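Q: Got a structure for you, questions after.
Computed from the coordinates by the stated procedures, all read-outs in this text should not be read as laboratory data. Quick caveat: nothing in here was measured; it's all calculated off a predicted structure. So basically every Cβ, Gly included, is an ideal-geometry build from the backbone, and we count neighbours across all protein chains shown.
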Amino acid sequence: MCDTDVHGTCDPRHDVGRMINTISHQLKRQMCMHEPEDSLKTNMQRLVLHYILFQSLQRDIYQKDVEKEFHIRRSTATGTLQILEKNGFITREPVKEDARLKKLVPTEKAKGVRRHILENIRYVEELLARGIPEEKLAVCREVLEQMSENLSVDEKRREEITDHE
């Protein structure tokens, strides 16, 4: 996707992956600027806790849900959830039907930062969308979803190839 000039050289400013990576780093810095020092340490922790806080109001949440929602591997989800549990934001409670399953339950400490997390996410979302017409944002969301799907399909294909070797 990198645009090339007449000499065949690549202009990295037009490389979509690089642009997404740059925005990701900017987002992480922005989120950290508005966090109390003793709070969550990474953007992933904030996003996962936000997801657990709000989804658990409607249904039981499990590690598999976190993996699927954020397109992350089990090891990444495990590490993030262990930190949230260690820092007192969630507990893992056994499920009656299957003792191996543990639902993720936000603690009072987590509920205490709910408003702050939501305000922070809203602020950053508004900042990202500032000056961009809604129709362009809709196209952007659609394109980003398709890119994510493309990557997911390719990842599954590669896993299947690896499993068959």
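Q: Rounded to the nearest 0.05, what FRET efficiency do Lys41 and Glu108 have when you use their Cβ-Cβ distance and R0 = 35 Å? Present the calculation step by step, with values, prior to reporting the outcome.
A: Values: r = 20 Å, r/R0 = 0.57.
My answer for the efficiency is 0.95.
Q: Let me ask you something else. With the cut-off at 17 Å, report for the stretch 17-165 the share of all Cα pairs above it, as a whole percent. Before the final figure, lay out the partial values.
A: Working: 7653 of 11026 pairs.
Of the Cα pairs, 69 percent sit more than 17 Å apart.
Q: Next question. Would you kindly state how much longer the chain becomes between Leu128 and Glu160 on full extension, computed as 0.36 nm times their sequence separation minus their alpha carbon distance, in nm to one decimal?
A: On the way: separation 32, 0.36 × 32 = 11.52 nm, distance 3.67 nm.
Gain in length upon complete extension: 7.9 nm.
Q: Here is a follow-up. Work out how much length Val143 to Arg100 would gain on full extension: take 0.36 nm times their residue separation and subtract the Cα-Cα distance, in nm to one decimal.
A: Numbers: separation 43, 0.36 × 43 = 15.48 nm, distance 3.83 nm.
Length gained, Val143 through Arg100: 11.6 nm.
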